[in-house]
1. State the Cα centre-to-centre distance between the range 103-127 and the range 234-276 in whole Å.
2. Taking the Cα centre of the chain as origin, work out the dipole magnitude from +1 charges on Lys and Arg Cβ and -1 charges on Asp and Glu Cβ, in debye rounded to 20.
3. Would you work out which of H61, L229, V12 lies farthest towards the positive end of the dipole of the chain? Charges go on Cβ: Lys and Arg +1, Asp and Glu -1.
4. Tell me the net charge near E87. Cut-off is 11 Å between Cβ atoms, E87 excluded, with +1 for each Lys or Arg and -1 for each Asp or Glu.
5. Any idea what % of Cα-Cα pairs in the range 42-148 are farther than 17 Å?
6. Where in the range 301-332 does the label zone of N344 land, with the point 7 angstrom along Cα→C-beta and an amide N cut-off under 16 Å?
7. Place a point 7 Å from the Cα of S27 along the Cα-to-Cβ direction; which residues of the range 150-190 have their backbone N under 14 Å from it?
8. In percent, what relative contact order does the chain have, based on Cα pairs under 8 Å that are 6 or more apart in sequence?
Amino acid sequence: MKYDYIVIGGGVIGMTTSREIAARGASIAIIDRQNFGNGASKVAGGILSSMRPWDENIDSHKLSEESKKNYSEFIFKLQEESGINVEFIKSGLIIMNEEHSEKTKKWAINNDIKLTQEIDNNYPEINIPSYSILLPEIYQIRPPLLLNALHKSLQKKSVDMFENSNISNIEIIDNKFRCITLDSGEKIYADNLIITAGAWTDLLLKKIKTSANIKPIRGQMLCVKLKNLTINSIILDEGNYLIPRLDGHVLVGSTMEDVGFMNKTTQIAKDELLNWMYSIIADKKKIDVLDHWSGLRPAVDIGKPVIGNIPDFENIFINTGHFRKGILQAPASAQLLADYLFKNTSFMDIDRFSLGTIEKI
Ligand SMILES: Cc1cc2nc3c(=O)[nH]c(=O)nc-3n(C[C@H](O)[C@H](O)[C@H](O)COP(=O)(O)OP(=O)(O)OC[C@H]3O[C@@H](n4cnc5c(N)ncnc54)[C@H](O)[C@@H]3O)c2cc1C
């Protein structure tokens, strides 16, 4: 069988892209070398907001805003298709860094965004400085549930899913993609190829002698339980945050480490995250650490993802480089690429995310 599209990479971006394209009637095979949803997407916090909205690349900001606008509808349909509740909740976001709360305040006023300057704090044990502000309209989602729901939805849409399938070759003839070969020797043919391999994208692109300048940036996070304390909103302090979950657990994130493909947790990071948390909840006896994990974010130094055609290959496309915002930006990125592939007008020009500066190697 020959598919319309092969998608390589089954994270939030690959699965959302496949779902969007399948919904438009195309046949798809999605391939991952491990189980779907086991990359960065699974370990993400699930905050549906930029951390520094006043400072965001303008194109990335537009993509984030488009996603935010449509997230409720995306989730509503996904939950209906999959029968999985993905814990999409409006928990609000407190910004407690003094400089950042001032900058966010100005940005919110200029952009007509709701904000609260007097924050109710029922627990004196939680240190929320008086200059903190709350953005009440910010949502969060639970990424592992989102990934399960996407997986179910793809099954329902008859997308062929190849898990634990390593790709040994990408066959190109006259600058046109023809097929991929799996380690098993099986060949899978398609009219088009889409690469959504997250932090590993450049390793894959090497097979076709190209680069997109994507590099991995490790993030580590803790999951803790609080004793007799409740946090109701996400609390953000520069790059660190607390995310309260519905089950009472709280995520403590996250580090930013340029350590290549070393995807493992470290004691140093655990201590750093805990020390930061003690600046908010000083009583260590109130905090029980339950879990500690790490993931590799797909980072790109242009400050926005790369979406669109890979120059020199008429039928190879890319959707990656979402760095700290892949969960947030997945629906709009998938829509933008699908609109381009199906020649529909979209909410913005895909060329804003083009691989114009791509390197040949
Ligand atoms: C600690 C942490 C916290 C985060 N918090 C947030 C947050 O709160 N909000 C937010 O929006 N974003 C957050 N992010 C960022 C977000 O997780 C990423 O932007 C997003 O998951 C990227 O999705 P992806 O599908 O591109 O990559 P991935 O989820 O990594 O998926 C890539 C997939 O490609 C597969 N693959 C790679 N190479 C090959 C190959 N050769 N053959 C076959 N398959 C291959 C991998 O196995 C993997 O499954 C966070 C990230 C981390 C690490």
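Values quoted throughout were computed directly from the atomic coordinates according to the rules given, and no laboratory measurement underlies them. Worth saying up front: this structure is predicted, and the values here are computed from it rather than measured. Heads up, the Cβs are rebuilt from the backbone with ideal geometry, glycines too, and the neighbour counts pull from every protein chain shown.
1. 22 Å
2. Values: 42 positive and 45 negative charges, 112 e Å.
Result for the chain is approximately 540 debye, rounded to the nearest 20.
3. Most positive-ward Cα: V12.
4. Numbers: positive: R142, R245; negative: D247.
Once positives and negatives cancel, what remains is +1.
5. Details: 3417 of 5671 pairs.
For the range 42-148, the fraction of Cα-Cα distances above 17 Å is 60 percent.
6. 331-332, by backbone N distance to the label point.
7. Inside the label zone: 158-161, 188-190.
8. Working: 778 pairs, mean separation 87.3, N = 361.
Relative CO of the chain lands at 24 percent.
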